[in-house]
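Just so it is clear, none of the values below were taken in a lab; they were calculated from the coordinates. Note that this is a predicted model, so its numbers are computed, not measured. Because the Cβ atoms are built from the backbone with ideal geometry, glycine has one as well, and the counts that use them run over all protein chains shown.
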Amino acid sequence: MTASTDDLETLLERASTGVAFDGLRVAETDGEYALETPANEWTGLDEADCRRALESIEEYVTNWRYWQETVGGEGTARRAFLRWCERAPLADTADGDTTTGPWSDHGDGSEPLAVPERYRALRDGIDREWGQLSITARFVDVDDPDGERVYDLWHVDDADSDIADLEVYDDPRDARELATYDEDGRYRPLKTAPTLPGGWAFTGLSGADLVETVEFFYPATVANWHRELRGNLDIDHWLETAERQTGIYDVIDELPREAVEWMAEACCVDSQCLRRREWQYEEGDDLDADGGDGPFPCREPCSLVIAAARKWAILESEEERTYELELTTSELNQLEDLIDAVAEGRTDEIREADVNDGANRYRARYLRSKRFDDEGNLEATQVDD
Ligand code: SF4
C-alpha cells in the first residue's frame, strides 16, 4: 500500500479546515492534530506524529485522495455511479457509517462496504451488473495499490471468457457501434433491450471513461438512476404522455386502459427491456404488469412504445366480430403455440425435425396448406352482421 508524500502533505494542509470522508477524520487546531477512523483515534498529535499516524492508515489516505482529488464531482451522477461500482456508501457519509443515510441500501439491496473491506475486495476486483454489462472495479496496481482505480467492462455472458478471445476497446465511443446491432446483425431500436451482443471488452478505463461508455450502451441510465436515488426522478405516466402527443400520435390517448396494461406486458417486462418501468397508467393508478427489477428506471413511455401504441390504438378501434372456423383441438393448440413462439422470439430455436412443437415450420406450413384458401386467407366465416 502506498500513500505518497504528496497525499500526506495535501491532507495535512486540509486539516485546518477539517477533513471528514469515508470514515477518516483529520482536524488541526493551533498546530495540534486529531485523527480518527472507525477503528482508531489519535488526539494531541504534532505534525510529525500525525504524518506517522496517517502512514499507518494509508488505505484511508489513498481512498480520500482517489475520491476527493481524482474523481471529485461531489453530488454528480458520475461520482455516485463509480461509488456504486465498488459498493462504497453512496451518500459519502463523512463518518464512514455504511448503514445510514438516504442511499445506504445501495438501491439494489447489496450492502455497502467500509474502506478496509472495500480495499480487500478491490484487490480481486468488485463486480457489478448494469443490464447486460458486467463492470469490474479494481486497483491499477494490485501488488502495491496507491488507491487509483480502473474499470473493466464486458458483456455479462462473457464474464468467464478469456480476454484473449474478446475484441478489446478503450474508446468509449466504440460502445455506440457495438450497441447498434444484435448478434444476428439486426438493428436494435431499443438500446435497453436484452439483445446486446457479446464478444468485446473495455479494459483499464478511467472512471470518467467508464461512465461515458456505459451511457453509450444505455443512454441516460446513469443520470436517471441518480435522480431516482436522490428522490427527484420526474415520472411522466402513460395518460399525461399520451395526451400531449400531436400529429400521427394524437390517437394514442384513445387506447383503452386494459390495452395499456397489455402493452406494458408486451414491451416493458425484463425479457424485452432492462429498464425498470416506473411509469404507470396515471398517478395513483398503477398497472398490474411487471415493471422489472433492473437497477435503472424508465421514467416515461419511450418512442418505441409510443409508435407501437399508435398501431394498437388503431387496431383497438375496430369492432370485435364472431367468426366460425373449423379446427381440430390440436390445431387450436397449435395456433396458441405459434403465437407464443413468436411472442417469446423462439422461432429460430425450433428445429426442423421437432414436429412435436406446434410452432415447427413444417407444422405451420401444413396447417396453412390445410386451412387457408387459394387467396392465402384462413377459411373462416363471419357469423354476426
Ligand atoms: S417504455 Fe418500456 S420498453 Fe420503453 S424504455 Fe421504458 S420500460 Fe423499456
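Subtracting the Cα-Cα distance of THR322 and ILE163 from their residue separation scaled by 0.36 nm leaves 51.3 nm.
With r as the distance between the Cβ atoms of ASP234 and ARG188 and R0 = 30 Å, compute the FRET efficiency 1/(1 + (r/R0)^6) and round to 0.05. The formula returns an efficiency of 0.70 here.
Antiparallel beta bridges, as assigned by DSSP with both residues in the chain, represent about 85 percent of the total such bridges. Nearest 10 degrees is fine. How inclined is helix 257-267 to the longest principal axis of the chain, computing both from alpha carbons? Helix 257-267 sits at roughly 70 degrees to that axis.
Just want to confirm a number: the relative contact order over the chain, from Cα pairs under 8 angstrom separated by 6+ residues, in percent.
In percent, rounded to a whole number, it is 10.
What shape does the stretch 75-229 have by the C-alpha gyration tensor, where a ≥ b ≥ c are the square roots of the eigenvalues, rounded means a/c under 1.5, and otherwise prolate means a/b greater than b/c and oblate the rest? Oblate shape, in that a/c is at least 1.5 and b/c is the bigger or equal ratio. The local environment of CYS298, defined by Cβ-Cβ distances under 9 Å, has a net charge of +2 under the rule Lys, Arg +1 and Asp, Glu -1.
Rounded if a/c is under 1.5, else prolate if a/b beats b/c, else oblate: with a ≥ b ≥ c from the C-alpha gyration tensor eigenvalues square-rooted, which is the chain?
Prolate shape, in that a/c is at least 1.5 and a/b is the bigger ratio.
Couplings for the stretch 364-378, taken from phi via the Karplus curve 6.51 cos²θ - 1.76 cosθ + 1.60 with θ = phi - 60°, read 5, 5, 4, 4, 5, 4, 6, 10, 9, 7, 5, 8, x, 10, 4 Hz in order; Gly and Pro are left as x.
Would you give the gap between the C-alpha center of the stretch 196-230 and the C-alpha center of the stretch 315-336, rounded to a whole Å? A separation of 45 Å, based on Cα centres. Ranking of HIS237, HIS226 by neighbouring Cβ atoms within 10 Å, starting from the fewest: HIS237, HIS226. For the chain, what is the calculated [θ] at 222 nm in deg cm²/dmol (nearest 500), taking -39500 (n - 2.57) for each run of four or more DSSP H residues and dividing by its residue count? Rounded to the nearest 500, it is -10000 deg cm²/dmol.
A cut-off under 9 angstrom between Cβ atoms defines the neighbours of VAL222, and their net charge, with Lys, Arg +1 and Asp, Glu -1, is 0. Among LEU315, LEU304, the order by Cβ neighbours within 10 angstrom, fewest to most, reads LEU315, LEU304.
Between GLU69 and GLU55, residue separation times 0.36 nm minus the direct Cα-Cα distance comes to 3.2 nm. Could you give the angle, 0 to 90 degrees to the nearest 10, between helix 329-343's Cα long axis and the longest principal axis of the Cα atoms of the chain? Taking the Cα atoms of the chain, the angle to 329-343 is about 40 degrees. Could you list the trypsin sites (Lys or Arg not before Pro) in the stretch 142-217 that lie in coil according to DSSP, counting only those with at most 15 other Cβ atoms within 10 Å of their Cβ? Qualifying residues, ordered by number: ARG173, ARG186. For the stretch 238-316, the relative contact order comes to 36 percent (Cα pairs under 8 Å, sequence separation of at least 6). Which shape class applies to the stretch 323-382: rounded if a/c is under 1.5, otherwise prolate when a/b exceeds b/c and oblate if not, where a ≥ b ≥ c are the square roots of the Cα gyration tensor eigenvalues? Note, shape of the stretch 323-382 comes out prolate.
Sorting TYR218, TYR249 by the number of Cβ atoms found within 10 Å of their own Cβ, with the fewest placed first, yields TYR249, TYR218.
Protection proxy ranking for 192-200, 277-285, using the average of other Cβ atoms within 10 Å per residue and placing the highest first: 192-200, 277-285.
If you take all other residues with their beta carbon under 13 Å from the beta carbon of GLU331, and give Lys and Arg +1 and Asp and Glu -1, the sum is 0.
If R0 is taken as 30 Å, the Cβ-Cβ distance between VAL156 and ALA266 corresponds to a FRET efficiency of 0.80.
Counting only Cβ charges, +1 for Lys and Arg and -1 for Asp and Glu, the dipole size of the chain around its Cα centre is about 500 debye.
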